[in-house]
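Provided herewith is a single structure, encoded as structure tokens, for subsequent inquiry.
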């Protein structure tokens, strides 16, 4: 088995049922503003066990989102600071370029879907 720089298997086809994107300090705002639908923005780090679990499992969940947007917190300090990320993994909801805030949920499909629904019931803000 081969792995990429984030220690993910690179020779195994991803079982993802949603679109996945990697965002950075340089393109996060521009891409999130341009994306239609619901984006789940997830901050992770290579050395975080919960983050590795999230990277492995979230793509297989039946989530009520259009895409997963991954941000490596270790390499993208600017966006980490703007989103005020204090723990990892950190999850946020963006819909049609509008920010709906952080999710407080365990990494379980049903709980994440409920948290996304709750977040989307809030008043939208501009991206941080």
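The values are calculated or read from the model by the stated rules, or taken from the named source; none is laboratory data. Predicted, not measured: the structure shown is a model, and the values here were computed from it. Quick reminder, even Gly has a Cβ in these numbers, built from the backbone with ideal geometry, and neighbours come from all protein chains shown.
If residue 53 satisfies all but one of (1) touching a strand residue (DSSP E or B) at 6+ places or on another chain (Cβ under 8 Å); (2) at negative phi; (3) surrounded by fewer than 20 Cβ atoms within 10 Å (Cβ to Cβ), what's the number of the condition it fails?
(1)
Restricting attention to segment 1-31, and to residues there that are surrounded by fewer than 15 Cβ atoms within 10 Å (Cβ to Cβ), farther than 21 Å from residue 96 by Cβ and modelled with pLDDT of 95 or more, which single residue is nearest to the chain's Cα centre (by Cα)?
Out of the qualifying residues, it is 24.
Name the single residue, out of those in segment 32-47 being outside any strand (DSSP E or B), at negative phi and without any contact (Cβ under 8 Å) to a residue 60 or more places away in the chain, that is surrounded by the fewest Cβ atoms within 10 Å (Cβ to Cβ).
By that ranking, first place goes to 47.
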